[in-house]
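Throughout, read-outs are computed from the coordinates displayed, never taken from laboratory work. Quantities reported herein were computed from a predicted structural model and do not represent experimental measurements. Glycine also receives a Cβ, built like all others from the backbone with ideal geometry; neighbour counts cover every protein chain displayed.
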Amino acid sequence: MATVRKRVEKRDTERMSDTSFKMMTLLMRVIDLIFPYIRKRVKGFGIQEGMTVVDYGCGPGRYTTVFAEMVGENGKVYAADIHELAIEAVKKKIEKHNLRNIEPVLVDGYNSGLPDNVADVVCAIDMFFTVKNPTEFLAELKRITKSDGVLVIDQGHQSRSVAKEKILGSGCWDVVEESKDHMKCRPC
Ligand SMILES: C[S@@+](CC[C@H](N)C(=O)[O-])C[C@H]1O[C@@H](n2cnc3c(N)ncnc32)[C@H](O)[C@@H]1O
């Protein structure tokens, strides 16, 4: 019993409530209808046919399916999230659109369970600001990224300078490129 509670607490550290997740999903649907910006935005991420991409903190999978199109049938997208409802939402999209190159991954705390050096590109979009232990989180992202791979990350609801400080302070990543939209980082 104690073990079960400990595991649930660990997973719960950054897991929003089910209600919050559902509200967020609804809001995202409305935003995507009014401002369909995702396809334009991802053009700058450096994702190419045949790559392996991890959509880390994928939420309901609005980026995941676009990444899956970009990498094509020879590529792969891992849709990783700490929330079970995110995994369910991605599974529904996989079934609905018969997407064979997406694999949903339920993350446990800062452990994704993904293999070492698996990703050409890891995308952490609109989620880094929620992470309570950025150093542990960024170490996990480094572990799953190939040595010549890239992390695409945005600051979300925190300032760029705070986000950058956390990234550089982790000792895991160099920021190699910056735009208004996102930062690109290489493992160091
Ligand atoms: C605001 S949503 C963004 C979803 C998606 N990236 C997008 O932009 O549409 C943040 C997501 O990150 C997930 N998340 C937060 N902390 C996480 C962590 N440590 N590991 C994995 N997922 C996490 C949340 O469960 C949520 O689904």
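Couple of notes before you dig in:
- Residue check, GLY113 over 23 Å from LYS43 (Cα atoms) and not basic (Lys, Arg): yes
- Of the residues ARG62, ARG39, ARG29, the single one that is within 8 Å of the ligand (Cβ to nearest atom), more than 21 Å from CYS185 (Cβ to Cβ) and not small (Gly, Ala, Ser) is ARG62.
- The stretch 109-128, residues that are on the phi < 0 side of the Ramachandran plot and near the ligand (Cβ under 9 Å from one of its atoms): TYR110, SER112, CYS123, ALA124, ILE125, MET127, PHE128
- As a summary of the residue check, GLY44 satisfies the conditions (1) within 13 Å of the ligand (Cβ to nearest atom); (2) in contact (Cβ under 8 Å) with a residue 40 or more places away in the chain; (3) of a type outside the set (D, E, K, R) except for the one numbered (1).
- Given (1) buried (at least 21 other Cβ atoms within 10 Å of the Cβ); (2) not in a loop (DSSP other than H, G, I, E, B), index of the condition GLY59 fails: (2)
- Scanning the stretch 132-188 for residues that are β-branched (Val, Ile, Thr) and in contact with a Leu (Cβ under 9 Å, 6 or more places away or on another chain), we see that the one that is farthest from CYS58 (Cα to Cα) is VAL175.
- Every residue from the stretch 130-169 that is within 12 Å of the ligand (Cβ to nearest atom), closer than 22 Å to ILE38 by Cα and not hydrophobic (A, V, I, L, M, F, W, C): THR130, ASP154, GLY156, HIS157
- Scope the stretch 108-137; condition closer than 16 Å to VAL53 by Cβ and in contact with a helix residue (DSSP H, G or I) (Cβ under 8 Å, 6 or more places away or on another chain); matching residues: SER112, LEU114, PRO115, ASN117, VAL118, ALA119, VAL121, VAL122, CYS123, ALA124
- Residues that are surrounded by 15 or more Cβ atoms within 10 Å (Cβ to Cβ) and among the acidic types (Asp, Glu) number at least 3 in none of the strands (runs of 3 or more DSSP E) confined to the stretch 70-188.
- Among the conditions (1) closer than 25 Å to SER147 by Cβ; (2) within 13 Å of the ligand (Cβ to nearest atom); (3) out of contact with any Cys (no Cβ under 8 Å at 6 or more places or on another chain), the only one that LYS76 does not satisfy is (2).
- Residue tally, condition within 21 Å of VAL131 (Cβ to Cβ), outside any helix (DSSP H, G or I) and among the hydrophobic types (A, V, I, L, M, F, W, C), over the stretch 21-56: 2
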